[in-house]
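Okay, so here's the structure we're looking at.
The values are calculated or read from the model by the stated rules, or taken from the named source; none is laboratory data. As the structure is a computational prediction, the values presented were derived from the model and not from experiment. Here Cβ is always computed from backbone atoms with ideal geometry, including for glycine, and neighbour counts include all displayed protein chains.
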Amino acid sequence: MRVLVVGAGIIGAALADRLTRPASGAPVRVTVVEAEAPGAGTSGTSYAWINANDPADPAYHRFRTAAMSAWRDLAAGFGDPAWYRPSGNVTWAADDGARERLAGRVARLSGLGYAADLITSDRFRRLEPHAAAPPDALIAHYPGEAHLHGGPAARALALRARDSGAELVTGRRAVRLNTGGDRVTGVRLDDGRDLDADLTVCAAGRHSPALLATAGVGLPVVDPSEPGSAAPCLVATTSPAQGALNGLVHAPGLSARPAENGGLVLEADDLDAGIDESASPALIQEAGRELLARARALVPALTAEVAEVRRCVRPLPVDGYPLIGFQRPGLYTAVTHSGITLAPHLAALVAEEIAGRPSPELAPYRPDRPDPAL
Ligand SMILES: Cc1cc2nc3c(=O)[nH]c(=O)nc-3n(C[C@H](O)[C@H](O)[C@H](O)COP(=O)(O)OP(=O)(O)OC[C@H]3O[C@@H](n4cnc5c(N)ncnc54)[C@H](O)[C@@H]3O)c2cc1C
């Protein structure tokens, strides 16, 4: 069976890797087409927190905890790679309402068997000696959570797939899906070549709707070009600040974690809210300065500067849940938010489905489920 994976972000790369693992037993020939380079898309700019920190939907929480465990196994197979950091996460709340919500979350997560504890400020100082939390903060610790350097991780997976027999075509964009009747038969590349496949997997992230539309296939994701769209967001990286943080830290108004360059990756939901496709470069730079000011409040000794501030676009399903499954004969789609967390678990389940064994775990996440907005 010839499987063509379009996109070598974390989703496509993890799937190609899974399909080519010797133990998979899947009799498939895999080709990956990537418009730029593995990890060059959203996966390379993601905040990339691997977690199941939201207890609101217990079934989805379980799905995500399975994904956390899949990352541990995958990383072990690479021998403690620098791109997977099982650092844990510290979150604190300062005002009354937020303290109550955080305590409730920790209690619910613990009740679900998730590693979640309230810790003392002494314990916090041992975990994060350079970070400052207010004396009356309520502090939670989630030791099982991790973060990923998404670009290197996608590259490592794509290269291992190639070394295991996959063909990796980089710097070539699939400009359309080819069809024969109702069946998708492969893709046309931007150099005019046609690549035929028994199954084409659309793992093109935020660009998936455009590719799928070439065969008249829709996908319910948030349109990033809508004014005020929730899909565009902002991430800043600082210059190196070795040891500033040991792991993920979520303070009121700031999410921060160590970056690949030794600096910090910074994000803030309230600043994301003001960023859509019309945001000017000046507004983006101003948001970067604000993120740095918040980082300096979090880590008082921080001397680093903003190295880069980028507007990114998340592939955001309208109801927030993954969009995974066959959409036409010969066409399978794998597009999701939280793709960093979910990638290796999705890869294992999708590989099963490609081998003809439908996964009950994926049943709630079919792309043709009713649109909750209708
Ligand atoms: C700021 C930010 C913070 C985030 N935080 C988290 C988080 O904390 N935890 C978490 O789990 N998730 C998080 N996410 C979401 C997560 O990053 C994404 O869900 C994930 O990276 C999507 O991976 P992907 O492989 O689907 O897409 P991508 O990484 O975008 O990969 C798609 C690839 O397809 C290629 N491509 C596109 N079109 C074509 C074409 N026509 N032909 C050939 N190639 C094509 C692109 O070049 C790209 O490399 C965050 C996202 C953002 C932007």
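I need a count of the residues in region 1-28 that are farther than 20 Å from GLY330 by Cα, hydroxyl-bearing (Ser, Thr, Tyr) and modelled with pLDDT of 95 or more.
Final tally of qualifying residues: 0.
Please state which one of GLY186, GLY181, GLY192 is farther than 16 Å from GLY9 by Cβ and more than 16 Å from the ligand (Cβ to nearest atom). First the steps, then the outcome.
Working: GLY186 fails: more than 16 Å from the ligand (Cβ to nearest atom); GLY192 fails: more than 16 Å from the ligand (Cβ to nearest atom).
Only one candidate qualifies: GLY181.
Among GLY151, GLY144, which is touching a residue at least 40 places away in the same chain (Cβ under 8 Å), closer than 26 Å to PRO232 by Cβ and not in a strand (DSSP E or B)?
Values: GLY144 fails: closer than 26 Å to PRO232 by Cβ.
Just a single option satisfies the conditions, and that option is GLY151.
Need pairs with beta-carbon distance below 6 Å; first residue closer than 13 Å to ALA161 by Cα and in contact (Cβ under 8 Å) with a residue 24 or more places away in the chain and within region 1-21, second within 8 Å of the ligand (Cβ to nearest atom) and basic (Lys, Arg); sequence gap 6+ or separate chains.
Between residues of region 1-21 that are closer than 13 Å to ALA161 by Cα and in contact (Cβ under 8 Å) with a residue 24 or more places away in the chain and residues that are within 8 Å of the ligand (Cβ to nearest atom) and basic (Lys, Arg), there is no close pair.
Answer yes or no: is there a residue in region 334-354 that is assigned to a strand (DSSP E or B) and within 16 Å of the ligand (Cβ to nearest atom). I'd like the intermediate steps shown before the answer.
Residues of region 334-354 assigned to a strand (DSSP E or B): 334-335.
Now restrict to residues that are within 16 Å of the ligand (Cβ to nearest atom): 334-335.
Looking for residues that are assigned to a strand (DSSP E or B) and within 16 Å of the ligand (Cβ to nearest atom), one finds at least one in region 334-354, hence yes.
Residue by residue through region 166-180, note down the ones that are more than 19 Å from ARG155 (Cα to Cα) and β-branched (Val, Ile, Thr). Reasoning before the result, please.
Going residue by residue through region 166-180, those that are more than 19 Å from ARG155 (Cα to Cα) are 174-180.
Residues satisfying the conditions are VAL175, THR179.
Give me the strands (runs of 3 or more DSSP E) completely within region 172-291, filtered to those with at least 1 residues that are under 25 Å from HIS147 (Cα atoms) and polar (S, T, N, Q), ordered by residue number. Before the answer, list the steps.
Details: elements: 174-180, 183-189, 194-196, 199-202, 232-238, 248-251, 254-258, 264-267.
Ranges flagged: 232-238, 254-258.
For ASN53, all conditions in the list (1) within 27 Å of ALA131 (Cβ to Cβ); (2) in a loop (DSSP other than H, G, I, E, B); (3) under 14 Å from the mean Cα position of the chain (by Cα) hold save one; what is the number of the exception?
(3)
Here's the yes/no breakdown for (1) polar (S, T, N, Q); (2) within 12 Å of the ligand (Cβ to nearest atom); (3) surrounded by 23 or more Cβ atoms within 10 Å (Cβ to Cβ):
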position	(1), (2), (3)
ASN51	yes, yes, no
ARG62	no, no, no
ALA76	no, no, no
ASN89	yes, yes, yes
ARG99	no, no, no
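Which number in (1) out of contact with any Asp or Glu (no Cβ under 9 Å at 6 or more places or on another chain); (2) within 16 Å of the ligand (Cβ to nearest atom) marks the one condition that GLU361 misses?
Among (1) out of contact with any Asp or Glu (no Cβ under 9 Å at 6 or more places or on another chain); (2) within 16 Å of the ligand (Cβ to nearest atom), the lone unmet condition for GLU361 is (2).
Can you go through ARG369, ARG296, ARG357 and tell me which one is in a helix (DSSP H, G or I) and surrounded by fewer than 17 Cβ atoms within 10 Å (Cβ to Cβ)?
Details: ARG369 fails: in a helix (DSSP H, G or I); ARG357 fails: in a helix (DSSP H, G or I).
From the options ARG369, ARG296, ARG357, the qualifying one is ARG296.
Filter region 303-333 down to residues that are surrounded by 20 or more Cβ atoms within 10 Å (Cβ to Cβ) and assigned to a loop (DSSP other than H, G, I, E, B) and give me whichever is farthest from the ligand (Cβ to nearest atom).
That would be ALA304.
One line per residue, one yes/no per condition, for (1) out of contact with any Gly (no Cβ under 9 Å at 6 or more places or on another chain); (2) outside the structural domain of CYS202 (by TED's automatic domain parsing); (3) within 12 Å of the ligand (Cβ to nearest atom); (4) of a type in the set (S, T, N, Q):
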position	(1), (2), (3), (4)
VAL6	no, no, yes, no
GLY9	no, no, yes, no
ALA16	yes, no, yes, no
PRO27	yes, no, no, no
VAL30	no, no, no, no
VAL33	no, no, yes, no
GLU36	no, no, yes, no
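Considering only region 115-160, state which residues are among the aromatic types (Phe, Trp, Tyr) and surrounded by fewer than 21 Cβ atoms within 10 Å (Cβ to Cβ).
Our first condition is that a residue be among the aromatic types (Phe, Trp, Tyr); within region 115-160, this holds for 124, 142.
PHE124, the sole residue that qualifies.
Of the conditions (1) within 11 Å of the ligand (Cβ to nearest atom); (2) assigned by TED's automatic domain parsing to the domain that holds SER338; (3) of a type in the set (Asp, Glu), ASP272 satisfies every one except a single condition; which number is it?
(2)
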